[in-house]
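In what follows, a structure is listed as structure tokens, so that the remarks can point back to it.
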Amino acid sequence: VLDATSLSWGTRVKGFIACFALGCLFSLLGSCLLWVPKKRLLLFAVFYTLGNIASIGSTFFLMGPMKQLKRMFEPTRLIATVVMLLCLILTLCSAFWWRKEGLALLFCILQFFALAWYSISFIPYAR
């Protein structure tokens, strides 16, 4: 089973690059949609969040999903992970269910800082 599901290093790097590029494209598209006359903040919030999810998902290719999930929820970065995931979920909830543009923008800003905090938690001695 392990041999059938493991990817070669070259395939992992290609998957990482493709997923990360897709995340950057979604974030850039979200920024461009800020100029659309109606629902611009909601479109920005959705595409920015999807871009962050794709960027985080790209690391699954490098480490493997289970190892990455275990590292995400280690005690040293548990709070940063929970805050980041909560901001991602609340951004999408404010865009789709609550339909509050200001709240979606606030959660996007919080999402940015939470993702920065989460990313810094992987740097040794930066915690």
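Side notes on the structure shown:
- Close pairs (6 angstrom Cβ cut-off, 6 or more residues apart or separate chains): of a type in the set (Lys, Arg) in the range 32-43, exposed (fewer than 14 other Cβ atoms within 10 Å of the Cβ) anywhere: 40/34
- Flag for residue 45 being crowded, with 20+ Cβ neighbours inside 10 Å, modelled with pLDDT of 90 or more and farther than 27 Å from residue 125 by Cα: yes
- Among residues that are crowded, with 18+ Cβ neighbours inside 10 Å and either under 30 Å from residue 14 (Cα atoms) or touching a strand residue (DSSP E or B) at 6+ places or on another chain (Cβ under 7 Å) (or both), residue 54 is included.
- Filter result for residue 25 (part of a helix (DSSP H, G or I), modelled with pLDDT under 95 and either open to solvent by 70 Å² or more (accessible area, probe 1.4 Å) or farther than 22 Å from residue 122 by Cβ (or both)): no
- Subset of the range 79-107 (residues that are open to solvent by 70 Å² or more (accessible area, probe 1.4 Å), without any contact (Cβ under 8 Å) to a residue 60 or more places away in the chain and in a helix (DSSP H, G or I)): 79, 82, 86, 89, 96, 106
- Enumeration of residues in the range 63-102 that are among the hydroxyl-bearing types (Ser, Thr, Tyr) and modelled with pLDDT of 90 or more: 81, 91, 94
- Scanning the range 65-76 for residues that are open to solvent by 60 Å² or more (accessible area, probe 1.4 Å), part of a loop (DSSP other than H, G, I, E, B), basic (Lys, Arg) and without any contact (Cβ under 8 Å) to a residue 12 or more places away in the chain turns up nothing.
The values are calculated or read from the model by the stated rules, or taken from the named source; none is laboratory data. Because the structure is a prediction, the values reported are computed rather than measured. Quick reminder, even Gly has a Cβ in these numbers, built from the backbone with ideal geometry, and neighbours come from all protein chains shown. The area values use the complete protein model at the heavy-atom level, side chains included, leaving out ligands, DNA and RNA. Shrake-Rupley method; radii C 1.70, N 1.55, O 1.52, S 1.80 Å.
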